[in-house]
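The values are calculated or read from the model by the stated rules, or taken from the named source; none is laboratory data. Please read these numbers as outputs of a predicted model, since none were measured by experiment. Every residue, glycine among them, receives a Cβ derived from its backbone with ideal geometry; neighbour counts consider all protein chains shown. Accessible surface is based on the protein model in full, side chains and every heavy atom, while ligands, DNA and RNA are left aside. Shrake-Rupley method; radii C 1.70, N 1.55, O 1.52, S 1.80 Å.
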Amino acid sequence: MQEKTVERLNAEQIQAMFDRSPFISGLGLQVQSLDYDEMELTVSMPLNPSMERRAGTKQFHGGPIASFIDTIGDFVVGMMVGGGVPTINIRIDYLKPAVGDALTATARARRLGRTVAVADIDVFDEKNALVAIGRGTYFPKAG
């Protein structure tokens, strides 16, 4: 029996998927880097006024941060298996207020199993302070 060869996603393909998604495109995500050997993906998210907790504060609401974490966790797995993957579960800890013009997240795939993948996601503000952490579990089949 031959094993199916998996096409990995590159940065341009991931960015195109972000840009085509009605929901994800609203987050304004930009791929910064990826590393297949480390199974790591780094993405930034700019603040837009609809993401503010209170108008004019530049403080991100937790909802967009949660979406950011889930999306980046999904795509660090997806880059290894060739497409977006379904989320099984996600946990988020908000460590401090996320204030500024943009956030950056780095996701690392910790396990790519046959039926479950696990990713850890760290979110940083512009001062490189850790503002939130997440852990997601995903079904590692593109689709």
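I'd like to know if region 90-106 contains one or more residues that are closer than 17 Å to Gln32 by Cα, within 16 Å of the chain's Cα centre (by Cα) and not aliphatic (A, V, I, L, M). Scanning region 90-106, I find at least one residue that is closer than 17 Å to Gln32 by Cα, within 16 Å of the chain's Cα centre (by Cα) and not aliphatic (A, V, I, L, M), so the answer is yes.
One residue alone among Val131, Val123 is open to solvent by less than 10 Å² (accessible area, probe 1.4 Å), in contact with an Asp or Glu (Cβ under 6 Å, 6 or more places away or on another chain), at negative phi and not in a loop (DSSP other than H, G, I, E, B), and that residue is Val131. Flag set for Lys141, criterion: open to solvent by 50 Å² or more (accessible area, probe 1.4 Å), under 22 Å from Glu38 (Cα atoms) and at pLDDT below 95. Quick check on Val118: is it without any contact (Cβ under 8 Å) to a residue 24 or more places away in the chain and among the β-branched types (Val, Ile, Thr)? Against the criterion (without any contact (Cβ under 8 Å) to a residue 24 or more places away in the chain and among the β-branched types (Val, Ile, Thr)), Val118 qualifies. With a requirement of 1 or more residues that are touching a residue at least 60 places away in the same chain (Cβ under 8 Å), open to solvent by less than 40 Å² (accessible area, probe 1.4 Å) and closer than 24 Å to Glu126 by Cβ, the strands (runs of 3 or more DSSP E) lying completely within region 1-113 that satisfy it span 40-46, 102-112.
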